[in-house]
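Enquirer: This is the structure I want to talk about, given as structure tokens.
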Amino acid sequence: MARWRDGMGQLVVEGGRLVPLELAVSYRARTRGLLGRDGVDGAVLLSPATSVHTFRMRFPLDVAYLDRHLRVIALHTVPPNRLTAPRLRARHILEAEAGAMARWGIRPGARVRVELHGGHT
């Protein structure tokens, strides 16, 4: 798996669905996450990450825990002002507005792929 940097790309869901993706891989970007936003266009990938919090969030999130092969090992909808428990095999976390992941076909067991702008994976 390539080394990622903060930036934009797209998430490719099993079946070929493309979702706009923001990568948050630096400590600063992961810490900032979706704080202070009223929504998100697409998804945010936090890496490395095993848990998240939604304190000071303005909207509920779908949170998908991904293993090192980018397979979804768990999926939860988390309301604002909560802290999720760390997941044992999680290496990355995908966040989106509540309900978005079901529309995209993301479910436990599904595999996703990250495509960076410029063609790197």
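The values are calculated or read from the model by the stated rules, or taken from the named source; none is laboratory data. All values derive from a computational prediction rather than experimental measurement. FYI the Cβ positions are ideal-geometry reconstructions off the backbone, even for glycines, and counts take in every protein chain you see. For accessibility, only protein heavy atoms count, side chains too; no ligands or nucleic acids. Shrake-Rupley method; radii C 1.70, N 1.55, O 1.52, S 1.80 Å.
Enquirer: Evaluate the relative contact order of segment 1-46 (contact order divided by residue number), counting alpha-carbon pairs under 8 angstrom at least 6 apart; express in whole percent.
Expert: On the way: 64 pairs, mean separation 16.3, N = 46.
It comes to 35 percent, rounded to a whole number.
Enquirer: Which chymotrypsin sites (Phe, Trp or Tyr not before Pro) does segment 1-56 hold that lie in a coil by DSSP with at most 13 other beta carbons within 10 Å?
Expert: For chymotrypsin sites (Phe, Trp or Tyr not before Pro) across segment 1-56 that sit outside H, G, I, E and B with at most 13 neighbouring Cβ atoms in 10 Å, the list reads F55.
Enquirer: Report in % the part of the accessible area of the chain that belongs to carbon and sulfur, leaving out ligands and nucleic acids; probe 1.4 Å. Walk me through the numbers on the way to the answer.
Expert: Values: 3410 of 6770 Å².
Percent of accessible area from carbon and sulfur atoms in the chain: 50.
Enquirer: Given a cut-off of under 8 Å on Cα pairs at least six residues apart, what relative contact order in percent is computed for the chain?
Expert: Details: 290 pairs, mean separation 35.0, N = 121.
Worked out over the chain, it gives 29 percent.
Enquirer: Given springs between every Cα pair under 10 Å in a Gaussian network model of the chain, which of R107, R56, R87 has the largest fluctuation?
Expert: Taking springs between Cα atoms under 10 Å, the residue moving most is R56.
Enquirer: If you don't mind, another one. For segment 44-50, in order, what is each residue's ³J(HN,Hα) by Karplus, 6.51 cos²θ - 1.76 cosθ + 1.60 with θ = phi - 60°, in whole Hz (x at glycine and Pro)?
Expert: 10, 9, 9, 8, x, 6, 10
Enquirer: Let me ask something else. About the Cα centre, and with charges only on the beta carbon of Lys, Arg (+1) and Asp, Glu (-1), how big is the dipole of the chain? Nearest 20 debye, please. Mind dumping the intermediate values first?
Expert: Values: 19 positive and 10 negative charges, 80 e Å.
Dipole magnitude for the chain comes out near 380 debye.
Enquirer: Moving to a separate point now. Please state, to two decimals, what the Cα-based radius of gyration of segment 46-105 comes to when divided by 2.2 N^0.38 Å (N = residues). If you can, show how the numbers build up before the last one.
Expert: Details: Rg = 10.8 Å, N = 60, 2.2 N^0.38 = 10.4 Å.
With N residues counted in segment 46-105, Rg over 2.2 N^0.38 Å equals 1.04.
Enquirer: Here is a follow-up. Computed from the coordinates I sent, Rg/Rh (Cα atoms, Kirkwood Rh) equals one of [x] 1.02; [y] 0.92; [z] 1.36. Tell me the label.
Expert: [y]
Enquirer: Follow-up question, since we're still on this one. With every protein chain kept in place and ligands, DNA and RNA left out, what is the accessible area per residue of the chain? Probe 1.4 Å, answer in Å².
Expert: Working: 6770 Å² over 121 residues.
Solvent-accessible surface per residue comes out at 56 Å².
Enquirer: Enumerate the amide H contacts of R91 below 5 Å, restricted to partners 5 or more residues apart or on another chain; note that Pro and chain-start residues carry no placed amide H.
Expert: Counting only residues 5 or more places away or on other chains, the set is L66, D67, R68.
Enquirer: Between F55 and R89, what FRET efficiency follows from the Cβ-Cβ distance if R0 is 41 Å, with the result rounded to 0.05? Intermediate results must be reported in sequence, preceding the final value.
Expert: On the way: r = 25 Å, r/R0 = 0.61.
Step by step, r from the Cβ atoms, then E = 0.95.
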